[in-house]
1. Can you report the number of residues in the range 44-91 which are aliphatic (A, V, I, L, M) and part of a loop (DSSP other than H, G, I, E, B)?
2. For the range 399-413, how many residues meet the condition of being under 14 Å from residue 333 (Cα atoms), within 16 Å of the ligand (Cβ to nearest atom) and of a type outside the set (Val, Ile, Thr)?
3. Residues of the range 177-191 being within 24 Å of residue 296 (Cβ to Cβ) and crowded, with 20+ Cβ neighbours inside 10 Å, which ones?
4. Of the residues 174, 216, 250, only one is more than 29 Å from residue 298 (Cα to Cα) and part of a loop (DSSP other than H, G, I, E, B); which?
5. Please list, ordered by residue number, the strands (runs of 3 or more DSSP E) wholly in the range 538-636 having 2 or more residues that are among the charged types (D, E, K, R) and more than 30 Å from residue 304 (Cβ to Cβ).
6. Of the residues that make up the range 189-211, is at least one in contact with a Gly (Cβ under 7 Å, 6 or more places away or on another chain) and part of a strand (DSSP E or B)?
7. Any residue that is touching a residue at least 24 places away in the same chain (Cβ under 8 Å), part of a helix (DSSP H, G or I) and away from the ligand (no atom under 16 Å from the Cβ) - is there at least one of those in the range 115-122?
8. May I ask you to list the residues in the range 99-111 that are exposed (fewer than 15 other Cβ atoms within 10 Å of the Cβ) and either among the charged types (D, E, K, R) or within 11 Å of residue 137 (Cβ to Cβ) (or both)?
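The values are calculated or read from the model by the stated rules, or taken from the named source; none is laboratory data. This structure is a prediction, so every number in the text was calculated from the model and none was measured. Note: ideal-geometry Cβ built from the backbone for every residue, glycine included; neighbour counts use all protein chains shown.
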Amino acid sequence: MTCPLVRPHLFSRIRSLFRPALAAALLACSQIAAAAVELKVDFKAEKKAISPDLVGIFYEDLNYAADGGLYAELIQNRSFEYSATEQASWGPFSFWDLVESEGGKGRLGLGNARPVHVNNPHYLLLNVEAAGAGVGIANEGFDQIPLEAGKAYEASFWAYQAYMGRKWGGSPEEEEQPMPMRARLENEAGEVIAEAEFLIAGREWTQHSATLVPSESTDKARFVLLAQKAGGIAIDMVSLFPHDTFAGRENGLRKDLAQSIADLEPKFMRFPGGCLVHGQGIHQYYDWKDSVGPVEQRKAFRNSWGYHQTLGLGYFEYFQFCEDMGAIPIPVVSAGVCCQHAGDSPHRGQEGLPLSEMPDYIEDVLDLIEWANGPADSEWGAVRAAAGHPEPFGLKYLGVGNEDAITSIFKVRFKMIRDAIAKRHPEIVVVGTVGPFASGEDYDNGWEFTRELDLDIIDEHYYVEPNWFWENQERYDAYDRESAEVYIGEYAAHEPDRANTMRSAIAEAAGLVSFERNADIVRFASYAPLLSRRGHTQWRPDLIYFDATEVYPSLNYEVQRLFSVNAGDFALPFRVSGLAEGKKLAASVVHDSESADTIVKVVNGESEAISATIDLSSAAQRQFRMRAIIFAHEVASAVNRDGDAPVAVPEEESGSVGSRFERSFPANSLTILRLR
Ligand code: AHR
């Protein structure tokens, strides 16, 4: 690390009048030799306005984050659209079993002649030759279906009568009869713990539903749907949905998981990806229009991460979740190019939509803005209103592109999209992209292109080893304040074994203080990825792990939460002296106008405690009430284990301090001092 004191020219490009980041960078600076470490806050200097929305979340549907994750649907493959293009062993009846009860005999057929909707082409044709005690299908959900006794679950399905009795030559009387059906919840022993009856009549697709309340709790239930007479019945969109969702939303989110996200108090949410956005082939980008409207009309398709996405959790649900959490929505659309690794061609896969298709694609992007912000009587505003949200969502930021290679293919299309948005919706801020890494060709070209187009904000990504955050404390000090703002859209500290260690969490805390000191240009920052289901983890590390019944936040989660709930809107300059060469200590000082607190954050990445004097003597007052929050673990390699208590939790103490006081900052720790 170079000491900023001996490179004054480095800062000549910095617009801001004062340099708290410079002071902070001194923390790790070898040239300073003093007996004791001191952090001296300058209350007299002008405060720097910083982003009040710095810490948010990046949500991508990978690791089963949506279906089998945040989306509360309990049935897997509910619309018989699973296919071998998703996973070689999958097909329309994956995760379904044929049930032939007590003398029942039947078979499963696949229909596509009269679908519920053209976007949902396949359905089940259940042929019952002998009814016995019932013939039908059973589903065990995503690994398992957990149910709570006494809670309400909505069982529903779409159906029409194909024929009754025998397919050919049945009696006209029989043909007139409705098909009796039963929906059941069974426990692991196969005992019925809730049941409802239905009569299916007629040749029109109709939705049937009933509320089931299980008489006992079980973690491994089975949902069973049985026809009770001989005949043929077409079935689609079989669903079992808890009534108790996050914020009580219909078609909503799994409550415990959504709550763990909401507890982060994210100031914004970027969605739905990630690589998912631009897709693994040129027409495989995430089309927001496929994800809105009635769920049976949404267009399920292969997720970039090699599994099935129903899009039951779609743009409406994402925007609503943002609203429920008080987070700024930052949707991301494809820049008209697919992933540079698409088509099984690493680094050579980028292709662009044919230019002849770009006008239509651009209209789709503009329609998204109308859908989010337009009046309820506009074409797309009406779709939002029909979903139950007549008021606009207040979209302000729109990401265009994700980690794309900055080629001429990309540039042409990005510019077309950006220009169209600027013309029709100058109120929307387009977030650009500068490739997948913290430096290198795409980063350099991306920044050059950003300056050329005079973009307001760009998205940087980096997954790096923990030390990187210590070695790059000065990174944003040197950024040009006249150029675009920065959204650090994806970042994480990666250990060689990709474990969520205390070392990685503390390294991210070091990153976060450097972002905070520079939050005059670093507008947003989000750790990535957010969610991962146990048994379906494709990418590690993640912030929150979960299984069917439990949520396991990582140590890294705690760091994100602590920064989010202890944010400020002004940065104060400060200076650190006396730190021995190479010591990993970093800090930030912010002021929060709402609470009127001065918030000092100190991150110690050493394996031993560091004592420092905190000097507040330039403040008008002599005494401060102080609440200290300490998140520490003496072992850098410590990790949380599923089912065990977290190895480290924030601890609090409060009292009062004078304007100069000593404090010991423990090994591997983040300490937050809230001074009032
Ligand atoms: O966060 C996981 C992936 O990392 C994202 O999809 C992509 O943008 C990045 O490469």
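1. 10
2. Narrowing the range 399-413 to residues under 14 Å from residue 333 (Cα atoms): 399-404, 410, 413.
Okay, now just the ones that are also within 16 Å of the ligand (Cβ to nearest atom), so 399-404, 410.
Next cut, of a type outside the set (Val, Ile, Thr) only: 399, 401-404, 410.
Here the count works out to 6.
3. Once the filter is applied, which keeps residues that are within 24 Å of residue 296 (Cβ to Cβ) and crowded, with 20+ Cβ neighbours inside 10 Å, the range 177-191 yields 179, 181, 183, 184, 185.
4. Values: 174 fails: part of a loop (DSSP other than H, G, I, E, B); 250 fails: more than 29 Å from residue 298 (Cα to Cα).
None of the other options fit; the residue is 216.
5. 597-604, 624-632
6. No.
7. So far as the range 115-122 goes, no, none of its residues is touching a residue at least 24 places away in the same chain (Cβ under 8 Å), part of a helix (DSSP H, G or I) and away from the ligand (no atom under 16 Å from the Cβ).
8. Across the range 99-111, the qualifying residues are 102, 105, 107.
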